[in-house]
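Here the structure is laid out as structure tokens; the discussion comes afterwards.
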Amino acid sequence: MTSALADVVDRVRVTAPGKVNLSLRSGPRRDDGYHSLVTVFQAVSVLDEVSASHAQSVKVDVFGPGAELVPADATNLAVRAAQLLAQRAGISDGVHLEITKAIPVAGGMAGGSADAAAALVACDALWGTGASREDLLEMAGELGADVPFSLLGHTALGLGRGDLLSPVMTRGHFHWVFATQDRGLSTPAVFAELDRQMERTGAPALEPDPASQAPLLSALRAGDGEQLGELLTNDLQPAALALFPELRRTVDLATDLGAWGVVLSGSGPTVAVLARNPIHARTIAADLLAANAATQAVVANGPVPGARVV
Ligand code: C5P
């Protein structure tokens, strides 16, 4: 059903945040090719923007750093999001999506998922589909494992493929530096390397236990950044380091600069550095750049909300 709003709105702008996994524990590969995860996501103030306006067909243009690496055809996750919503809502309208990137492309911060979540919210508002939050979350889960979190934002525990979410209580804000690299890593390639590493150990991969996150959840609830820094962990880090050995230097340098914690963001290669305060974050960013340990060093804070109309 189309609402009266659709007649008056001719452009909708939506922002969606990048994310860091504060903890990512991976179990074995499942029959559907995904790994069962226990993870804690935090949305951070590195925002992509998706602007949606009426058009005959669904089309996309991408701007900003790394835009040339993002497909501008039907394989673009934001285009697939618009098509899925149109199909579910029985809408034959098109949309022109204009994506402005700030989240590093292929960086392990769920930039593509953020764009898909933003496209769902933008097209819902543009077309007046009246989809419920639950409908949008369900479509998000079909588009990719990280898309539901990009809709929800803030901090959340993710189970299953990482898409079964429960909100996590936090206090205060955490100050981050995201050190990016001049090439990306493919998420399937990093998970495949993890499989090879697990095979080599000969030990059976165990299902991760959500109870293992209790200390991390308690540090978040207390707003204890120092404790949080010690608990940052990512099972994908050894696999990403095997594929991108230069990252070791970035991790070591950030640790030497007095960060509370340093961890690979998602499947990398972005390295997430938890600083003590905003000034410390800016100093770490400048020092990482001066040492050529990062292509960009983006200062941000979290948690922030998920995809929303601006
Ligand atoms: O869902 P999404 O398309 O973002 O996932 C990309 C790829 O990452 C999957 O095809 C899979 O190879 C890997 N993946 C995984 N286990 C997860 C999430 C992603 O193996 N829980």
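Over the range 56-114, consider all pairs of different Cα atoms and compute the Kirkwood hydrodynamic radius from their mean reciprocal separation; express it in Å, one decimal.
Over the range 56-114, the inverse of the mean reciprocal pair distance is 12.0 Å.
List M169, M139 from most exposed to least, where exposure is judged by having the fewest other Cβ atoms within 10 Å.
If I rank by nearby Cβ atoms, fewest first, I get M169, M139.
Mind computing the radius of gyration and Dmax over the alpha-carbon atoms of the range 1-105? Å is fine for both.
Reported Rg and Dmax, both Å: 16.8, 50.
With a 10 Å cut-off between alpha carbons and a GNM built on the chain, which of D163, D135, D195 moves the most?
D135
Distances over 36 Å make up what percent of all Cα-Cα pairs in the chain?
Cα-Cα pairs of the chain separated by over 36 Å account for 16 percent.
Give the relative contact order (percent, whole number) for the chain; include only Cα pairs under 8 Å separated by 6+ residues. Please list the in-between numbers first.
Details: 750 pairs, mean separation 80.8, N = 310.
Normalised by residue count, the contact order of the chain is 26 percent.
Considering the zone a paramagnetic label at R29 would reach in this model (a point 7 Å from Cα along the Cα-to-Cβ line), which residues of the range 202-223 have amide N under 18 Å from it?
Counting only backbone N, you get 202-208.
Can you put S23, S166, S150, S218 in order, fewest other beta carbons within 10 Å first?
Going from sparsest to densest Cβ surroundings: S166, S218, S23, S150.
From a point 7 Å beyond the Cα of A290 in the direction of its Cβ, which residues of the range 258-284 have a backbone N at a distance under 11 Å?
Under 11 Å, as judged by backbone N against the label point of A290, lie 283-284 of the range 258-284.
Would you please give the FRET efficiency between H173 and S212, computed as 1/(1 + (r/R0)^6) with r the Cβ-Cβ distance and R0 = 25 Å, to the nearest 0.05?
0.50
What is the sum of charges, Lys and Arg at +1 and Asp and Glu at -1, for the other residues whose Cβ falls under 14 Å from the Cβ of I284?
Around I284, the surrounding residues sum to -1.
How would you rank 206-213, 250-257, highest first, on the average number of other Cβ atoms within 10 Å across their residues? Walk me through the numbers on the way to the answer.
Numbers: 206-213: 13.5, 250-257: 18.8.
In decreasing order of mean packing, 206-213, 250-257 become 250-257, 206-213.
Tell me the mean residue ellipticity at 222 nm calculated for the chain from its helices only (DSSP H runs of n ≥ 4, each -39500 (n - 2.57), averaged over every residue, nearest 500).
Taken over the chain, the calculation gives -10500 deg cm²/dmol.
As a footprinting exposure proxy, order E230, E193 by other Cβ within 10 Å, with the fewest listed first.
Sorted ascending by nearby Cβ count, the order is E230, E193.
Read-outs throughout are calculated quantities, based only on the coordinates presented, and are distinct from any laboratory measurement. Just so it is clear, the model here is predicted, and its values are computed rather than measured. As a convention, Cβ positions derive from the backbone with ideal geometry for all residues, glycine included, and neighbour counts pool all protein chains shown.
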